[in-house]
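Report on one structure; see the data block that follows.
The values are calculated or read from the model by the stated rules, or taken from the named source; none is laboratory data. Remember, it's a predicted structure, so these values are computed and weren't measured experimentally. Cβ coordinates were reconstructed from backbone atoms using ideal geometry, including for glycine residues, and neighbour counts include every protein chain displayed.
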């Protein structure tokens with residue numbers, strides 16, 4: 001059976017090995033933690049840059065859409081003005097056509113009356 005000093009020496013050696021192993025694990029954990037913190041910082045920077053890029057894109061898209069909407073509205077207003085002018089011209093043409101139709105009907109009536117008063121031409 002080992003003596004108390006041998007047992008104490010074995011215990012000290014085992015404890016020293018455990019302390020050494022624990023220190024190794026702590027160093028590895030610290031290294032992993034440092035790498036993880038670096039990755040998190042990099043991802044945080046990347047996410048911030050992406051947010052900034054998205055904001056820029058959103059502003060650019062909004063500006064582009066505003067320009068297109070303004071152009072489309074101006075074009076629609078022009079088309080509406082042209083439509084109004086066309087309606088006025090068509091109304092004027094319709095009025096003139098109605099007046100010409102009335103005049104033609106009057107002329108037809110007069111021609112019919114004139115023809116009715118003319119003596120019949122002799123038949124050969």
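Regarding residue 105, is this residue assigned to a helix (DSSP H, G or I), surrounded by 10 or more Cβ atoms within 10 Å (Cβ to Cβ), over 38 Å from the mean Cα position of the chain (by Cα) and modelled with pLDDT of 95 or more? Yes, satisfied.
Report whether or not residue 115 is out of contact with any strand residue (DSSP E or B) (no Cβ under 8 Å at 6 or more places or on another chain), in a helix (DSSP H, G or I) and surrounded by 10 or more Cβ atoms within 10 Å (Cβ to Cβ). Talk me through it step by step, then tell me what you get.
Values: out of contact with any strand residue (DSSP E or B) (no Cβ under 8 Å at 6 or more places or on another chain): yes; in a helix (DSSP H, G or I): yes; surrounded by 10 or more Cβ atoms within 10 Å (Cβ to Cβ): no.
Against the criterion (out of contact with any strand residue (DSSP E or B) (no Cβ under 8 Å at 6 or more places or on another chain), in a helix (DSSP H, G or I) and surrounded by 10 or more Cβ atoms within 10 Å (Cβ to Cβ)), residue 115 does not qualify.
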